[in-house]
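Heads up: the structure comes next, in structure tokens.
The values are calculated or read from the model by the stated rules, or taken from the named source; none is laboratory data. All values derive from a computational prediction rather than experimental measurement. A quick note on method: Cβ atoms are made from the backbone with ideal geometry, for glycine too, and the neighbour counts reach across all protein chains shown.
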Amino acid sequence: EAGVTQFPSHSVIEKGQTVTLRCDPISGHDNLYWYRRVMGKEIKFLLHFVKESKQDESGMPNNRFLAERTGGTYSTLKVQPAELEDSGVYFCASSQDWATSETGELFFGEGSRLTVL
Amino acid sequence: DAKTTQPNSMESNEEEPVHLPCNHSTISGTDYIHWYRQLPSQGPEYVIHGLTSNVNNRMASLAIAEDRKSSTLILHRATLRDAAVYYCILRGGLYGGATNKLIFGTGTLLAVQP
């Protein structure tokens with residue numbers, strides 16, 4: 001079974017441009033999370049979807065970031081306009097409902113590296 | 001969110017056991033103790049979790065103190081592939097938090113020497 005896939009693996013853009021990151025969760029996983037790690041810092045939570053609904057978006061840094069999950073399947077994270085401090089690695093994770101999962105573990109993708117010049 | 005404290009780094013020799021400590025003195029009764037690790041250039045991956053009793057799986061063992069204020073992740077025989085950053089994370093139980101999100105700290109960077 002395919003794991004969590006993220007696209008692109010690496011994106012290089014200039015300040016002010018727009019970038020859209022995509023995440024395909026494991027089939028059947030209702031929970032989808034976005035995290036990011038900026039240089040030298042900890043992995044930070046951004047937001048959590050349950051199906052197509054935003055359950056928790058407390059970690060979204062500002063209104064330049066927009067996350068969507070239409071139809072409750074794949075998700076996109078758009079950064080518009082991108083700033084230098086947005087550079088980092090963006091991770092997506094998915095999980096089953098913990099009530100029905102033995103471990104409730106999050107399965108992470110390999111991340112999308114964003115470089116803003 | 002409850003916090004955990006881990007050493008910044010540890011070293012081990014290949015094929016020797018490794019004990020990775022974690023302090024979580026403010027843990028609540030419904031918090032589960034989760035361990036994830038991040039190998040170089042990969043996303044984090046689940047290792048093990050527990051609530052009160054010690055736990056074993058194919059990857060590791062988790063020893064939880066009786067008062068639950070600390071725990072230890074045990075890798076029985078370290079391999080070069082185990083070199084990673086290990087995160088000890090408290091996660092609200094099934095009914096302890098709507099999101100059950102993971103809050104990552106700085107983790108412990110484990111170096112394994114051949």
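Some notes on this structure:
- From the list A:H48, A:H10, the one residue that fits, being without any contact (Cβ under 8 Å) to a residue 40 or more places away in the chain and either more than 11 Å from chain B (Cβ to nearest Cβ) or not acidic (D, E) (or both), is A:H48.
- Any hit, segment A:56-71, residues being within 14 Å of chain B (Cβ to nearest Cβ), out of contact with any Asp or Glu (no Cβ under 8 Å at 6 or more places or on another chain) and without any contact (Cβ under 8 Å) to a residue 12 or more places away in the chain: yes
- Listed conditions (1) under 10 Å from the mean Cα position of the chain (by Cα); (2) touching a residue at least 24 places away in the same chain (Cβ under 8 Å) are all met by B:Y46, apart from (2).
- Segment B:10-27, residues that are exposed (fewer than 15 other Cβ atoms within 10 Å of the Cβ) and not charged (D, E, K, R): B:N13, B:P17, B:H19, B:S25, B:T26
- Counting the residues of segment A:15-45 that are over 24 Å from A:E83 (Cβ atoms) and touching a residue at least 40 places away in the same chain (Cβ under 8 Å) gives 8.
- Of the residues screened, A:T76 is one that is among the β-branched types (V, I, T), surrounded by fewer than 17 Cβ atoms within 10 Å (Cβ to Cβ), in contact with a Cys (Cβ under 9 Å, 6 or more places away or on another chain) and over 26 Å from B:R37 (Cβ atoms).
- Answer from A:A99, A:A93 - the residue that is modelled with pLDDT of 95 or more and closer than 23 Å to B:Y46 by Cβ: A:A93
- The residues in segment B:31-79 that are among the polar types (S, T, N, Q) and within 14 Å of another protein chain (Cβ to nearest Cβ) can be counted, and the count is 5.
- For segment A:13-45, taking the residues that are assigned to a loop (DSSP other than H, G, I, E, B) and within 11 Å of chain B (Cβ to nearest Cβ), the one that is modelled with the lowest pLDDT is identified as A:G40.
- When segment A:1-12 is filtered for residues that are in a loop (DSSP other than H, G, I, E, B) and of a type in the set (S, T, Y), only A:S9 remains.
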